[in-house]
Every structure is written in C-alpha cells, then in structure tokens.
Amino acid sequence: MTDDDTDLAMIRRKKMAELMKREKKMQESREQKEKVGNEREKLLKRFLDPEATAYLEGLKKTEPPIGNRVQEIILYLIVYRGVRQTVKQLDVMYIERQIKGEGPKIRVQRDGETSDFGSYVRAAIKEDSDDTKKD
C-alpha cells in the first residue's frame, strides 16, 4: 500500500466513525422523544376522563393546531401547576374556546326561530320600551 492508500483508508475510517456517532445520537434522540411521548400519554390517560379524551382526539383530527395547543395547556396545568383533579370534557371545551377567542353562546329558540340570547334580550327590551312609550 502506498501513502495515498493509507491516508484514504484513514479518512474513510474517520468518516465512518462520524457517521456511526451521528446515527447513535439520532437513535438516542428518537428514544428520548418516544419516552417523553409515552409519559405525556400516561399523564393524559390518568387525568382526562374518557369523554374528554375522545373530544380531545377528535379536536386534534379536525383542527390539529388547536387540539395540540389544548393538549399542551392541559399537560402544563398537570405538570407545572399541580392540577390533580380529573379534567372533564367541559374543561377541554372551555380551553378550546379560550384559544379560539370565542365568547359564551346562549341560544334561544322561540316560535321555530333560533337566536342569540343577547339579541333576544335586546329585542325584548326594545319591545318593552316601545310599549311604555305608547302608554
């Protein structure tokens, strides 16, 4: 073998060692992510009631960014704020509405029409004030 061949072989060995080292780091990273994912699932399974779990899973399928954000908030409350009570479906819906910036919606059905409670109250006040003006 010539000097060029030995240098080439040394370079190949170095490259192979670097590749193996990089692959080992990637494997450790994957294992760490999997471990963290399993722990997160255990926490959710423990503190979410079945209806809340089903609702959250549906939300993650229909609106992934919102569903993931809701999940992160629930995990934050459990891990960092020490919430130890069961999270109900209503709680999950509340967090979802807060993220979306939606206010409460109360609907009133009257004479086959469905209207917002606020507009229903405004109409009733207007009718009442019109009736008092006539008197």
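FYI, it's all coordinate maths here, none of it is from the lab. Note that this is a predicted model, so its numbers are computed, not measured. Please note: Cβ atoms are built from the backbone with ideal geometry, for glycine as well, and neighbour counts cover all protein chains shown.
Note on the chain: with charges restricted to the Cβ of Lys and Arg (+1) and Asp and Glu (-1), its dipole about the Cα centre is near 580 debye.
Give me the net charge for the shell around Arg12: Cβ to Cβ below 14 angstrom, other residues only, Lys and Arg +1, Asp and Glu -1. Net charge in that neighbourhood comes out at -1. Comparing Cα centroids, the stretch 53-110 and the stretch 1-20 end up 56 angstrom apart. Using the Karplus relation 6.51 cos²θ - 1.76 cosθ + 1.60 with θ = phi - 60°, the per-residue 3J(HN,Hα) values for the stretch 53-64 come to 4, 5, 5, 5, 5, x, 5, 5, 7, 7, 9, x Hz, with x marking Gly and Pro.
Of Lys33/Lys60; Lys24/Lys45; Lys35/Lys88; Lys45/Lys105, which pairs sit farther than 24 Å apart, going by alpha carbon to alpha carbon? Violating the 24 Å Cα-Cα cut-off are Lys24/Lys45; Lys35/Lys88; Lys45/Lys105.
What's the local net charge at Gln89, with K and R +1, D and E -1, over the other residues with C-beta under 13 Å away? The answer is -3.
Helical content of the chain, expressed as a calculated mean residue ellipticity at 222 nm, amounts to -26500 deg cm²/dmol (DSSP H runs of 4 or more residues, -39,500 (n - 2.57) each, divided by residue number, nearest 500). Annotation note: trypsin sites (Lys or Arg not before Pro) in the stretch 36-114 located in DSSP loop regions with a Cβ neighbour count of at most 10 within 10 Å are Arg81, Arg84, Lys105.
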